[in-house]
1. Just subtract the alpha-carbon distance of residue 65 and residue 29 from 0.36 nm times their residue separation and send over the number in nm, one decimal.
2. I'd like the orientation of helix 16-28 relative to the chain: the angle between its Cα long axis and the longest Cα principal axis, in ° from 0 to 90, rounded to 10.
3. Near the amide H of residue 38, under 5 Å away, which other amide H atoms are found, from residues 5 or more places off or on another chain, if H is placed in the peptide plane?
4. Helix 46-63: angle to the longest alpha-carbon principal axis of the chain, degrees 0 to 90, nearest 10?
5. List every residue whose amide H lies under 5 Å from the amide H of residue 79, counting only residues 5 or more places away in sequence or on a different chain, with H placed 1.01 Å from N in the peptide plane.
6. Roughly how compact is region 18-105, stated as its Cα Rg over 2.2 N^0.38 Å to two decimals?
7. Calculate the radius of gyration of the Cα atoms of region 86-140 to one decimal place, then report Dmax, the largest Cα-Cα distance, as a whole number, both in Å.
8. Extent of the chain along each principal axis, from alpha carbon coordinates, in Å, largest to smallest?
Amino acid sequence: MKLRILAVGKAGGKAKAEAMLVEEYRQRLTWPLTVQEVEEKRPLPPAALKKREGELLLTALAAGHKGGRQVVVVLDERGKSLGSRDFAARIRAWRDEGAAEIAFLIGGADGHDPAVREKADLLLSLGAMTWPHQLVRVLLSEQLYRAQQILAGHPYHRD
Ligand SMILES: C[S@@+](CC[C@H](N)C(=O)[O-])C[C@H]1O[C@@H](n2cnc3c(N)ncnc32)[C@H](O)[C@@H]1O
């Protein structure tokens with residue numbers, strides 16, 4: 001099972017500290033994890049930009065999919081909040097159902113277009129507060145690693 005993070009953001013942008021942390025968790029994960037950024041370079045008005053970013057995310061989602069069941073998780077502060085064990089249980093269920101990949105979609109400054117939300121198998125909240133999208137990648141990567149350790153019965157996670 002592959003994990004993909006698809007995120008609105010500048011490829012090779014300034015967030016080097018966050019990228020290093022994501023890379024740290026990526027290397028610790030035994031599920032292969034890829035991070036792909038999409039960016040609209042034209043200075044569009046906010047509503048048009050959000051729509052365009054949604055199109056870019058959905059295009060990347062389809063383009064990178066190599067077949068099999070694709071689970072789509074859209075990161076959104078208004079989504080469902082799960083504890084780490086419940087998140088791990090969701091991943092185990094998708095894995096056991098034969099999912100080929102789980103794709104996690106992170107939006108831009110104005111959030112996700114409705115077309116992206118409609119694709120979601122799960123709208124996932126990392127809490128009611130709004131986080132910068134670069135930090136969301138770090139939080140998500142850590143929770144994926146934590147889920148892996150929970151499913152392996154490793155004491156990395158303590159209740
Ligand atoms: C700066 S936030 C955008 C917030 C935007 N105002 C909105 O209403 O969605 C950029 C992206 O980070 C992710 N994000 C930020 N905070 C989050 C949270 N608490 N839970 C889940 N995702 C979050 C979402 O994918 C969001 O689209």
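Values quoted throughout were computed directly from the atomic coordinates according to the rules given, and no laboratory measurement underlies them. In this text the structure is predicted, and so the values were computed from the model without any measurement.
1. Values: separation 36, 0.36 × 36 = 12.96 nm, distance 2.00 nm.
Length gained, residue 65 through residue 29: 11.0 nm.
2. Roughly 40 degrees between the two axes.
3. Counting only residues 5 or more places away or on other chains, the set is 7, 8, 9.
4. 50 degrees
5. The list, which skips near neighbours in sequence, is 125.
6. Details: Rg = 15.2 Å, N = 88, 2.2 N^0.38 = 12.1 Å.
Relative to the 2.2 N^0.38 Å estimate, region 18-105 comes out at 1.26.
7. Spelled out, the Cα radius of gyration and Dmax of region 86-140 are 12.6, 35 Å.
8. Its Cα atoms span 48, 34, 28 Å along the three principal axes.
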